[in-house]
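Enquirer: A single structure is presented below for examination.
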Amino acid sequence: MPKSSNQKLKILYLAKIFTENTDESHPMTMAQIISALDSFGIQAERKSLYDDFENLNLFGLDICKTEGRIPGYFNASGSFEIAELKLLIDAVESARFITPKKTSQLIAKIENLTSRHNAQNLNRQVYAANRVKTLNEQIFYNVDKIHESISQNKMISFKYFDYCLSKQKKYRKDGGYYTESPVSLMWDDENYYLVAYNSKYSNYVHYRVDRMENISITDSSRQLPDVPFDSAQYARKMFSMFSGSEEFVTLRFSNSLINVVFDRFGMDITPHKDGDDHFLIKTKVAVSEQFFGWIASLGGRAAIVEPQKVKDEFLKMIESVAKVH
């Protein structure tokens, strides 16, 4: 029988068969492997396949043989475990800045990182319905442009919008462009943010990436401060990425909140005992209504100790909320 044009691709199709169709729980017998190759128009003999298995092992796959009367063969070199792939899928599903369409596309690609049998198990666990997602399909192009501008040390220009009651976009600056020096991308409170440095006011500002449009890289070099940006420190002092005047504050917490405090401010803070039931910390935060809201959400188990002006602002906000209700 004459050989088909695919015969030269035998080793590649064999790698495809092992990668897509086998795992430790789903080996293939030699007869099944020969049949699978035949479906691609490729003729194979047992003896030649043993040599192919060796070549695939040298290439980086791990072709293993099962014990038994009729042995089977499978690829044991999967880059990801099922638990790892599930974590990736959970992250994609949970990310609000990824659109529903892109969510489905990314999950399909993640499923392709394992055998079709494992992919079926992953698919049964997928549940993305009714998750709150952005509608801005430009977000992945935005992220790519931002990374490219940082790599090239260039400023970017873009339009920025909010949504109004009619669910229509309302552009800030009357539709004019922002020009900023991008510093970093950060994921906070289920949203993706660009952190940029504003040299005019000598401070950092941030923008929701899913509310940015028409990003372009300018010819101007970024204008950055001499002190390198510390993303971890920046994240600790911001509350839901809402800006405010930065202040060193002393906070008092019930001992029962120690894990909450470590989750919020990190393990670098040093708690100091304040009696048998409480502890104090001193840290720098961006004082904003969101910070006050976080303190209020902890009820009587958290309090602002100093400075007095921050305590007064907090009480003023509480009073204004009480008036509304």
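The values are calculated or read from the model by the stated rules, or taken from the named source; none is laboratory data. It should be emphasised that the depicted structure is a prediction, and the values quoted were computed from it without experimental measurement. So basically every Cβ, Gly included, is an ideal-geometry build from the backbone, and we count neighbours across all protein chains shown. Note: areas computed on protein heavy atoms with side chains; ligands, DNA, RNA excluded. Shrake-Rupley method; radii C 1.70, N 1.55, O 1.52, S 1.80 Å.
Enquirer: How big is D for the range 11-84, in µm² s⁻¹ as a whole number, if Stokes-Einstein is applied with the Kirkwood radius of its Cα pairs at 37 °C and 0.692 mPa s?
Expert: Details: Rh = 12.6 Å.
The estimated diffusion coefficient comes to 261 µm²/s.
Enquirer: So, in Å, what gap is there between the alpha-carbon centers of the range 134-174 and the range 191-211?
Expert: 11
Enquirer: Still on this model: Towards the positive end of the charge dipole of the chain, with charges on Cβ (+1 Lys, Arg; -1 Asp, Glu), say which of 104, 259, 285 has the farthest Cα.
Expert: Selected residue: 104.
Enquirer: Same structure again: Classify the range 131-252 as rounded, prolate or oblate, taking a ≥ b ≥ c as the square roots of the eigenvalues of its Cα gyration tensor: rounded when a/c is under 1.5, otherwise prolate if a/b is larger than b/c and oblate if not.
Expert: Numbers: a/c = 1.66, a/b = 1.13, b/c = 1.47.
Verdict is oblate for the range 131-252.
Enquirer: Would you work out what percent of the accessible area of the range 166-325, with all protein chains in place, is carbon or sulfur (probe 1.4 Å)?
Expert: 48
Enquirer: Could you please state how large a percent of the accessible area of the range 1-116 is carbon and sulfur, counting protein chains only and using a 1.4 Å probe?
Expert: Details: 3820 of 7090 Å².
C and S fraction of accessible area: 54 percent.
Enquirer: Another question, if that's okay. Of 16/65; 237/282; 170/323; 102/154; 16/102, which sit over 23 Å apart, Cα to Cα?
Expert: On the way: 16/65 17 Å; 237/282 12 Å; 170/323 30 Å; 102/154 28 Å; 16/102 26 Å.
Going by Cα-Cα distance, 170/323; 102/154; 16/102 fall outside the 23 Å limit.
Enquirer: Right, next: How big is the Rg/Rh ratio for the range 34-121, C-alpha atoms only, Rh by Kirkwood, two decimals? Let's see the in-between values first.
Expert: Working: Rg = 17.5 Å, Rh = 15.8 Å.
Rounded to two decimals, Rg/Rh equals 1.11.
Enquirer: Calculate the dipole size of the range 200-297 relative to its Cα centre from +1 charges on Lys and Arg beta carbons and -1 charges on Asp and Glu beta carbons; express the result in debye to the nearest 20. All intermediate terms of the calculation are to be shown ahead of the outcome.
Expert: On the way: 11 positive and 13 negative charges, 17 e Å.
Value, rounded to 20: 80 debye.
Enquirer: Compactness ratio of the range 199-325: Cα Rg over 2.2 N^0.38 Å, N = residue count? Walk me through the numbers on the way to the answer.
Expert: Values: Rg = 17.6 Å, N = 127, 2.2 N^0.38 = 13.9 Å.
After normalising by residue count via 2.2 N^0.38 Å, the value is 1.27.
Enquirer: Now for a separate question. Once the Cα atoms of helix 116-125 and of the chain are each reduced to a long axis, what angle between those two axes, in degrees from 0 to 90 to the nearest 10, is obtained?
Expert: 30
Enquirer: Probe 1.4 Å, all protein chains in place: accessible area of residue 288 in Å², nearest 10?
Expert: My reading of the accessible area for residue 288 is about 10 Å².
Enquirer: Which log10 I(q)/I(0) values, to two decimals, does the range 200-240 give at q = 0.14 Å⁻¹ under the Debye formula with one point per Cα?
Expert: Debye intensities relative to I(0), on a log10 scale: -0.49.
Enquirer: Given +1 on the Cβ of Lys and Arg, -1 on the Cβ of Asp and Glu, and no further charges, what dipole in debye does the chain carry about its Cα centre, rounded to the nearest 20? Numbers along the way, then the final one.
Expert: Numbers: 41 positive and 41 negative charges, 193 e Å.
Once rounded to the nearest 20, the dipole reads 920 debye.
Enquirer: In square angstrom, what is the accessible area per residue of the chain with a 1.4 angstrom probe? Mind showing how you got there, number by number?
Expert: Working: 19620 Å² over 325 residues.
Spelled out: the 1.4 Å probe surface of the chain, per residue, equals 60 Å².
Enquirer: Let me have the relative contact order for the chain, percent, based on Cα pairs under 8 Å that are six or more residues apart.
Expert: Details: 441 pairs, mean separation 35.7, N = 325.
Reported as a whole number, the value is 11 percent.
Enquirer: What are the radius of gyration and Dmax of the chain, computed over its Cα atoms and given in Å?
Expert: 28.1, 91
Enquirer: About the Cα centre of the range 1-63, how large is the charge dipole given +1 on each Lys and Arg Cβ and -1 on each Asp and Glu Cβ? Please answer in debye to the nearest 20.
Expert: Working: 6 positive and 9 negative charges, 76 e Å.
Dipole magnitude for the range 1-63 comes out near 360 debye.
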